[in-house]
Amino acid sequence: MGKTEKYDHMKLIREYAGGYKNLITLGRCLAAVSAVMTLIPYYELWKIIRIAVNGENLDDIKIYAWSAVALIVGALLVYILALFCTHIAAFRVQANMRSGLMHRIITLPLGVFDEDGTGKIRRIVNDSTAATETFIAHNLPDKTVAAVTPVGLLVLVFAFNWKIGLICMIPAVIGFACMMSMMTKGMQEKMKEYQDALENMSSEATEYVRGVPVVKTFGQTVHSFKRFKDCIDGFGKWATDYTLTLRFPMAFFMTCINAIFAFIVISAFVVTKNGVDNVAILNIMYYIIITPLVTIALTKIAYSGEAEMTLIDALKRVDKIMEIEPLTEGRSDRKIADHRIELKNVSYRYKDANRDAVNDVTLSIKPGEHVALVGPSGSGKTTLAELMARFFDVTKGEILIGGVNVKDLSSKTLMDLVSFVFQDSRLIKKSILENVRMAKPDASEAEVLEALRKAQCMDIIEKLPDGIHTVLGEKGTYLSGGEQQRITIARAFVKDAPILILDEATAFADPDNETKVQAAFEELSKNKTLIMIAHRLSTVINADRIFVMDGGKCIESGNHEELMRKGGLYKQMFDEYTRSIEWKVGALQ
């Protein structure tokens, strides 16, 4: 690891620490002092051994022993103070990192969360910042101790008998060289692969847990979720390969650092070849005691190197989020003429994709017109609708609302213009009142109740113990998928935006809920420009116009009757849909 990279990540930590950065420096200095104080008692120990071997004044042993105890206790107290400093700084760094991440995340295009997955982003916010906190609070003072201790040990090892010291250092130097060979750029890449594997498992585990009801219903196992199983298998293979790659270097390292005692035996023969005297006995006894410290010091250095690689990877992942450019904030003062939506040669490609999800689409939706987007899965329907709400910026072309490019509209203006009801209901663990108010924080209770009434939610409210003040998810209070969907529709009523986008909003509703949801949509869509994404083609028959998507292109448009007469993809899809709903259990083929 080069000095520049090391400087860079420590500089970044100091930037996050802000006014607490001096505490990091103070903590490291105190840790260094503690390391030195911990080594001095070994000099006192040498004096005690000398008195015992030479039969000198035995009363001096107490003096040296209590001096050593005092130094050890002092070193412990200084180290605790060092940890106190680094912990305070670490908590501040973690808080600033999480705050910075959350501020950046709320400015990101909404499409980022579909592309990267909430599991990965959540893991970066939680685990990467936690890894940074752990490094500063614990590993950084330990690393300082690990750096200072070998220097002090070299003084102790060579001070009393340089021959014994030199022989004992042979396996230590070999072990150190072996350890440094493992701390290469390739190892940093391995650490990145490890964190990537954990991220992928976290993301896929989230999706798997969401699908557990389906797994239990159909008696399937984890193997029915191939992507999750592939992630687990991939991580297992990586871990095995990684372990096998390191088995020889790690075994050689551990052998070397634990072989120091064997070299003491060799050195004993060297220094006693001309006879045994008190000095030789003194030094051999002393080195038997002190050389295991070399093993401990080298082990700490090895672990501190691994911790530093984990830190660098964590900071890079945080930077990856921070480097995502938020959408440019529009500053146009132009007034929206009406709620017409125009797409002109619009294309969009997801990152790392090899083809456009939406390819050169041109269409126009009149103010107050109700249109539907239909087509096979993966045809670009949802992407096209999300582009209208500026979840992402188009790769090519432009989207205009009321004659103004959506890029020139402020995010607040655009969000005031568009309501989006998703296929998956997004409710938070708060009261129904607070959930509905998310669309309009200053809405009164009367407005919320009226929105709930229009959304066909009164039967839900009446059965809840505290009405609209009932907190969802507490005391066993849960709503079905269709009921959650109606609560999200109430949000749209409160917001009352002139443009409404419905993304397969009745996909998971049971028949009773679907009837109520459809009634809510009829009320909600009055006098609004409506864009509806649907697989159930029965819901789009009465649309003013239907746009048929396939392979990212709009290949047909017109009302239901016109498209049926054309005999194209829409007619094929509608005929298949009709046959599917007419199918009966036990019907003859």
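The values are calculated or read from the model by the stated rules, or taken from the named source; none is laboratory data. These figures come from a predicted structure and were not determined experimentally. Cβ sites come from the backbone with ideal geometry, for glycine too, and all protein chains shown count toward neighbours. Each accessible area value is taken on the protein alone, full model and side chains, heavy atoms only, with ligands, DNA and RNA left out. Shrake-Rupley method; radii C 1.70, N 1.55, O 1.52, S 1.80 Å.
Tabulated values for the structure
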read-out: Residue in segment 338-362 that is nearest to Met532 (Cα to Cα), counting only those that are surrounded by 12 or more Cβ atoms within 10 Å (Cβ to Cβ) and among the basic types (Lys, Arg); value: Arg340
read-out: Any hit, segment 337-350, residues being farther than 30 Å from Ile174 by Cα, at pLDDT below 70, of a type outside the set (D, E, K, R) and outside any helix (DSSP H, G or I); value: no
read-out: Only listed residue being open to solvent by 60 Å² or more (accessible area, probe 1.4 Å) and either closer than 19 Å to Thr149 by Cα or in a helix (DSSP H, G or I) (or both), chosen from Val78, Val53, Val36; value: Val36
read-out: Output for segment 357-384, where each listed residue is under 27 Å from the mean Cα position of the chain (by Cα) and in contact (Cβ under 8 Å) with a residue 12 or more places away in the chain; value: Ala357, Thr382, Thr383
read-out: Within segment 537-554, tally of residues that are within 16 Å of Thr383 (Cα to Cα) and in a strand (DSSP E or B); value: 6
read-out: Segment 230-259 residues that are among the β-branched types (Val, Ile, Thr), paired with ones that are part of a helix (DSSP H, G or I) (beta carbon under 6 Å, 6 or more apart); value: Ile257/Gly175; Ile257/Thr295; Ile257/Leu298
read-out: Residues of segment 384-433 classified as closer than 22 Å to Cys554 by Cβ, among the hydroxyl-bearing types (Ser, Thr, Tyr) and surrounded by 19 or more Cβ atoms within 10 Å (Cβ to Cβ), total; value: 0
read-out: Matching residues in segment 249-267 - criterion: being open to solvent by 80 Å² or more (accessible area, probe 1.4 Å) and at pLDDT 70 or above; value: Phe252, Thr255
read-out: Top-ranked residue in segment 411-426 [being touching a helix residue (DSSP H, G or I) at 6+ places or on another chain (Cβ under 9 Å) and among the small types (Gly, Ala, Ser); ranked as modelled with the highest pLDDT]; value: Ser419
read-out: Single residue of Leu246, Leu311, Leu315, Leu298 found to be in a helix (DSSP H, G or I), at pLDDT below 75 and buried (at least 19 other Cβ atoms within 10 Å of the Cβ); value: Leu298
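Let's see how each residue does on (1) under 27 Å from Pro465 (Cβ atoms); (2) at pLDDT below 85; (3) surrounded by 14 or more Cβ atoms within 10 Å (Cβ to Cβ):
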| residue | (1), (2), (3) |
| --- | --- |
| Gln485 | yes, yes, yes |
| Thr515 | yes, yes, yes |
| Phe521 | no, yes, yes |
| Ser525 | no, yes, yes |
| Thr578 | no, yes, no |
| Gly586 | no, yes, no |
